[in-house]
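Here is the structure we will look at, set down as structure tokens.
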Amino acid sequence: MAHALQFFPSRTISFYMAKVFVTRSFAILGALVLVLMTLDLLGESGSILAYPGNGEAQLWFYVWLRVPQLIDRFLPFSVLLGTLIALSTMNHNSEIISMKAAGLSAHQILAPLIAASVVIAGLLFVFSDRVVAPSYATFANWESVDYGPLPEGEASARNVWVRSGDDLINARLAYGRGAETRLRGVEVFDRSGGTLEAIASAQRARYTGEAWLLEDATRFDLERVAESTPRDMLVAEGVTPDQFTLANVEARSLGFADLQRAIAELRAAGRPTEQLEAGLWHKISGPLSTILMPLLGAVAGFGLARSGRLFVRAIIGMALGFAYFVADNFALAMGNIGVYPPLLAAWAPFFLFLLIGEAVLIRTKTGNKIEPVP
């Protein structure tokens, strides 16, 4: 009766289970990141070294930028595998049976794992906000310049298209804010009545207060089939910097507070924000998915190990975890195209699989076995 009134088992058991769970999870994470980073680097090293002057330092810089992204993506999956390995091992060694014989319920047995998952979720949120978002922004900017020298300043958007009257303007990279906004890799398509007359290009452009100054520009006249180098030329009169910096805002490249600010700016400009709002809420629901993994993997920890179905139960737990990741990505994709409301896209999979995990525990607690039908 005393055990039934306690949420956690004894301190010794709680620390033991949490230690086994955390060490297994991070060992799997380290192995996954090592293998995936190696494969990723092998596939991308040719493009990095293709830029003149790049060498070993740029390869290590690529690794430095990509490793946080891999940790952010695969930590919840590693927690799932860590849960399955820890509980399967304890079940095989009859440790789970001993805990149940001592009067502990399924919820009490899982409590140390869930408590450790809450801590991991908090650390993952801070890590994603402070490390992953800046590293992804830097990586995307570096990739947009073909792994060449990074521009000074913080990039706001990449591959931006803006219309100025009949003309179209494309900038590979926009960085800075307000009057300090700068463009890289600019092309201006000079059209008249829907007919393309000339193409102007420049590596850099800056805002003058009323128009955009192309530095060291080149202009190709399609009618005369001639190229000229007017050097500096003014284009896109009336086009403001926010038309570049607020275009193509990516939720992954901004922290939680910065993304909130970008959404407010877009909303004030009358632009749609549903996709970014779904990404904003997913910055919370994503790290919290680690809390679900002990619940979804709990099926591997209960039932008699000598029944010969321990491996099958581990496969069931893994399938539940994979189903969550599929549902989460599907809901987020539906939110990005406006089919699901932002809150539903971010939180529906979490609460759905929370109920599924609780159903597994309740059936286990009441004595019903989660076993495949022979």
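The values are calculated or read from the model by the stated rules, or taken from the named source; none is laboratory data. Nothing here was measured: the structure is a model prediction, and the numbers come from that model. Virtual Cβ from ideal backbone geometry, glycine too; neighbours counted across all protein chains shown.
Out of Ala171, Ala202, report the one residue that is more than 27 Å from Leu254 (Cα to Cα) and part of a strand (DSSP E or B). From the options Ala171, Ala202, the qualifying one is Ala202.
Can you spot a residue in segment 179-186 that is assigned to a strand (DSSP E or B) and at pLDDT below 80? No, segment 179-186 contains no residue that is assigned to a strand (DSSP E or B) and at pLDDT below 80. If the condition is being over 19 Å from Pro341 (Cα atoms), surrounded by fewer than 16 Cβ atoms within 10 Å (Cβ to Cβ) and small (Gly, Ala, Ser), then segment 234-278 contributes Gly238, Ala257, Ala268, Ala269.
Taking the listed residues Met90, Met99, the one that is surrounded by 19 or more Cβ atoms within 10 Å (Cβ to Cβ), farther than 26 Å from Phe322 by Cα and either touching a residue at least 40 places away in the same chain (Cβ under 8 Å) or touching an Asp or Glu at 6+ places or on another chain (Cβ under 6 Å) (or both) is Met99, with no other qualifying. Which condition number in (1) over 28 Å from Ala251 (Cα atoms); (2) surrounded by 21 or more Cβ atoms within 10 Å (Cβ to Cβ) is the one that Ser289 fails? Ser289 satisfies every listed condition except (1). In a residue-by-residue description of segment 20-31, the property of being modelled with pLDDT under 90 and part of a helix (DSSP H, G or I) applies to no position. Assess whether Arg231 counts as being part of a loop (DSSP other than H, G, I, E, B), surrounded by fewer than 16 Cβ atoms within 10 Å (Cβ to Cβ) and basic (Lys, Arg). The answer is no for Arg231.
Taking the stated definitions as given, is Asp216 assigned by TED's automatic domain parsing to the domain that holds Arg177, assigned to a strand (DSSP E or B) and surrounded by fewer than 12 Cβ atoms within 10 Å (Cβ to Cβ)? No.
If you check Val160, Val131, Val126, Val119, which single one turns out to be at pLDDT 90 or above, among the β-branched types (Val, Ile, Thr) and touching a helix residue (DSSP H, G or I) at 6+ places or on another chain (Cβ under 8 Å)? It is Val131.
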